[in-house]
Amino acid sequence: MKLASLNDRTLDGQLIVVSRDLRTYADANGIAPTLQAALDNWQQIGPQLEVLAGDLEKGDFGQEFNPAKVYSPLPRAYQWADGSAYLNHVELVRKARNAKVPDSFFVDPLMYQGGSDSFYTPHGPIKLLEESWGIDLEAEVAVIVDKVPMGITPEEAPGYIRLIMLVNDVSLRNLIPAELGKGFGFFQSKPATAFSPVAVTPDEIESWSGGTIHLPLSVDINNQPFGRANVGVDMTFNFFQLIAHAAKTRELAAGTIIGSGTISNKLDGGPGKPISEGGVGYSCISEIRTVETINEGKPRTPFLQFGDTVEIWMDDMEGQSIFGSIKQTVKKYER
């Protein structure tokens with residue numbers, strides 16, 4: 001089942017069910033007005049949405065689905081907690097700051113709490129004030145969970161995952177070092193985030209197993225291939241472990257979003273190579289800049305500038321898009 005939130009100019013959008021091929025949709029307002037309302041009562045609402053999704057696949061009543069006319073599946077959320085499950089990414093970005101990876105990072109996941117009061121739309125602009133902030137994309141996968149009890153184990157976590165979606169966790173790299181130097185975590189360096197046009201139930205994804213998706217996540221910058229890293233490769237902590245980590249000292253509200261962190265693959269034990277050199281590329285610009293610094297003494301790939309475009313998507317094994325694409329253009333913010 002695939003769900004989305006139609007942009008009806010309200011804060012939380014109108015819940016719709018989207019066909020598997022992403023071509024049509026059905027209004028789900030008679031079942032639940034918003035995705036959050038559905039998540040708040042998933043045991044009752046979920047099966048009704050499944051029936052509607054089945055009817056949509058069989059019937060002729062669907063309307064044309066336009067991903068440019070939806071919000072992120074949750075236009076705002078009670079909680080957005082992003083992990084950093086790929087230690088290759090952590091090692092590279094910390095190397096760029098001349099910082100060593102502590103041994104604890106290999107047994108205890110990193111996680112930060114991002115802003116969730118509003119998210120970018122999947123096809124809307126990335127609006128920021130300054131190019132000098134070091135604008136970067138971060139292509140990720142995220143899950144949306146039901147209400148999760150405090151202290152659950154990774155073995156218990158699968159039963160609480162309701163939906164899966166893609167992420168562009170925008171980062172402002174030039175603001176990060178000073179901010180983390182204060183010892184109090186990210187804030188200004190992490191602006192709004194965007195998610196894929198649709199969120200998908202795990203049973204809809206054949207390659208979902210072991211708490212991750214075993215498929216490449218595609219990233220293009222300015223219509224040029226930039227990343228094809230496989231989500232299921234080099235993932236130090238799977239989503240079951242990330243959920244258990246987030247719930248160690250608190251309950252998680254229904255609708256909490258848990259992110260994987262930037263997808264990052266090694267190559268022959270090294271940091272990976274660009275697609276043009278036979279590698280799978282990268283899911284953020286910071287990684288290729290670090291690799292360039294290691295190999296050439298300085299970075300040569302610029303961060304995103306106003307007018308640059310980013311596209312993030314994932315195809316199934318038959319080459320069909322699962323979540324639709326995040327398509328964004330970087331623009332200057334105007335009050």
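The values are calculated or read from the model by the stated rules, or taken from the named source; none is laboratory data. Computed from a predicted model, the values in this text were never measured in an experiment. Every residue, glycine as well, gets a Cβ built from its backbone with ideal geometry; the counts of neighbours run over all protein chains shown. Ligands, DNA and RNA are excluded from the accessible area calculation, which covers all protein heavy atoms including side chains. Shrake-Rupley method; radii C 1.70, N 1.55, O 1.52, S 1.80 Å.
Quick notes
- Here's the list of lysines a cross-link from LYS147 could span, going by alpha-carbon distance under 23 Å and ignoring same-chain residues fewer than 8 apart: LYS2, LYS248.
- Table column - 3J(HN,Hα) (Hz), the range 78-88, Karplus curve with 6.51, -1.76, 1.60, x for Gly and Pro: 5, 7, 10, 10, 10, x, 9, 7, 10, 5, 4
- Percentage relative contact order, the range 1-106, counting C-alpha pairs under 8 Å, at least six apart: 27 percent
- Heavy atoms of the protein chains alone define the surface here; on that basis the chain has 45 Å² accessible area per residue at 1.4 Å probe size.
- Binned Cα-Cα distance frequencies in the range 62-114 - 10 Å width, integer %: 18, 33, 20, 19, 8, 1
- Within the range 68-164, the trypsin sites (Lys or Arg not before Pro) that combine a DSSP coil assignment with at most 11 other C-beta atoms in a 10 angstrom radius are LYS100.
- Charge dipole (debye, nearest 20) of the range 70-165; +1 at Cβ of Lys and Arg, -1 at Cβ of Asp and Glu: 120 debye
- Using alpha-carbon coordinates, inclination of helix 285-296 to the longest axis of the chain, degrees: 20 degrees
- Links that overshoot a 26 Å alpha carbon limit, given the list LYS273/LYS331; LYS266/LYS332; LYS69/LYS331: LYS273/LYS331; LYS266/LYS332
- Percent antiparallel among DSSP beta bridges (both partners in the range 102-202, rounded to 5): 90 percent
- Here the alpha carbons of the range 1-119 define both size measures, Rg and Dmax, at 19.2, 59 Å.
- Relative contact order of the range 66-203, pairs being alpha-carbon contacts under 8 Å that are 6 or more residues apart, as %: 29 percent
- Using the Cβ of LYS127 as centre and a radius below 9 Å, the other residues enclosed give a net charge of +1, where K and R count +1 and D and E count -1.
- Residues whose amide H falls under 5 Å from that of LEU215, counting only those 5 or more places apart or on a different chain, are VAL231, GLY232, with hydrogens built in the peptide plane.
- For the range 163-235, chymotrypsin sites (Phe, Trp or Tyr not before Pro) are listed when DSSP marks them as loop and at most 10 other Cβ atoms sit within 10 Å of their Cβ; the list is PHE184.
- Between GLU130 and GLN113, full extension at 0.36 nm per residue minus the direct alpha carbon distance yields a gain of 3.8 nm.
- Split the chain at each of the GluC sites (Glu not before Pro) in a DSSP loop with at most 15 other beta carbon atoms within 10 Å, and the longest piece is 1-129.
- Extension gain, ASP203 back to PHE106 (0.36 nm per residue minus Cα-Cα distance, nm): 31.9 nm
- Computed from label points 7 Å out along Cα-Cβ, the spacing between ASN295 and SER276 is 1.0 nm.
- Computed extension length for ARG335-THR309: 7.2 nm, one decimal, from 0.36 nm per residue of separation with the Cα-Cα distance subtracted.
- Cα-based convex hull, the chain, per residue volume (Å³, whole number): 135 Å³
- Here the label points at ASP27 and LEU180, each 7 Å from Cα along the C-beta direction, are separated by 4.8 nm in the simple model.
- Selection from SER19, GLN79, ALA99, by position along the positive dipole direction of the range 9-132 (Cβ): ALA99
- Distance histogram in 10 Å bins (all Cα pairs of the range 81-235, percent per bin): 8, 35, 39, 16, 1
- The alpha carbon centroids of the range 168-226 and the range 67-105 are separated by 6 Å.
- Sulfur and carbon atoms: percent of accessible area, the chain [1.4 Å]: 49 percent
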